[in-house]
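Here the structure is laid out as structure tokens; the discussion comes afterwards.
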Amino acid sequence: MFDSGFGGLTVARAVIDLLPSQPVVYVGDTGRYPYGPRPMAEVAQFARQIGRWLVEEHQIKVLVVACNTASAAALDVLDDELGVPVIGVIDPGVRAMLSATRSGHVGVIGTVGTISSGAYQRTVAAASDEVKLTCAACPGFVEFVERGEFRGDQVHVLAERLLAPLADAGVDTLLLGCTHYPYLARTIADVMGRDVVLVSSADETAFALAEALGPPARAPAGEPSPARHRWFSSGDLGSFQALGQQLLGPELDQAEALVWPTEPVEP
């Protein structure tokens, strides 16, 4: 699985908890984060490069795109090119959000790239014509998470400003449409109020992965066989390992450096 940085570790945590016997190869593309402000064509190029590397170098069985921006930009082309099942975070998140809403008025927050792509708007419209959707881009959230700043006055003030359209709209369920955002859940909940249900796509994505892998994916009850996982970063390795272990847990015991070639991905 891959993400622009640390956000996808929320998905990795859910996968490890659900499927402890399945080895995970995780790429945090921290050398090129954040993806959100970048052109979607460039994000798609990054996603194809990472996807090909995971297939060719690690013979993966399934690719999890643990990044909403990359899911919006490249899920279809990855599915066409790679020859393995590809799972994004958008569809699972929308399913969880629609299951949680009471009033039918829901919200999605994400990066500028994700929200402007229209991916969530199209997915919700295809799933239900009775739901009212309000979306908002939240530039700056990812940067706070990547610095390990989850609470504090600066984060709270930014959240109040960015979440105001959702609060004014009266949504009862808010989908955190970026895998970084669950780390800011306490601040987001403080701003939105206790009556608003926050939804993360991580657990639903893990369930989708289990379905794609089939019944043997789960270890037999009472016979846990924890897998060995590998963690790669294209940025500062020390920072990735230190913050990554804080966010994920002891499974992220050692990170490996990943250097991309400068040549663009072939079309």
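Odds and ends about this structure:
- Of all residues in the stretch 153-180 being more than 20 Å from S116 (Cα to Cα) and charged (D, E, K, R), the one that is surrounded by the fewest Cβ atoms within 10 Å (Cβ to Cβ): D153
- For the stretch 172-204, residues that are more than 18 Å from T69 (Cα to Cα), of a type in the set (S, T, Y) and assigned to a helix (DSSP H, G or I) total 1.
- Hits in the stretch 8-46 - residues which are of a type outside the set (V, I, T) and in a helix (DSSP H, G or I): L9, A12, R13, A14, D17, L18, M40, A41, E42, A44, Q45, F46
- Subset tally (residues that are closer than 15 Å to A44 by Cα, assigned to a loop (DSSP other than H, G, I, E, B) and more than 18 Å from the chain's Cα centre (by Cα)) for the stretch 55-103: 1
- Residue match in the stretch 151-170 (condition: farther than 22 Å from F240 by Cα, touching a strand residue (DSSP E or B) at 6+ places or on another chain (Cβ under 7 Å) and either part of a loop (DSSP other than H, G, I, E, B) or modelled with pLDDT under 95 (or both)): yes
- Of all residues in the stretch 217-240, those that are at pLDDT below 90 and touching a helix residue (DSSP H, G or I) at 6+ places or on another chain (Cβ under 6 Å) total 1.
The values are calculated or read from the model by the stated rules, or taken from the named source; none is laboratory data. Everything quoted here is computed from the prediction, not taken from an experiment. All Cβ positions, even for glycine, are placed from backbone atoms using ideal geometry, and neighbour counts span all protein chains on display.
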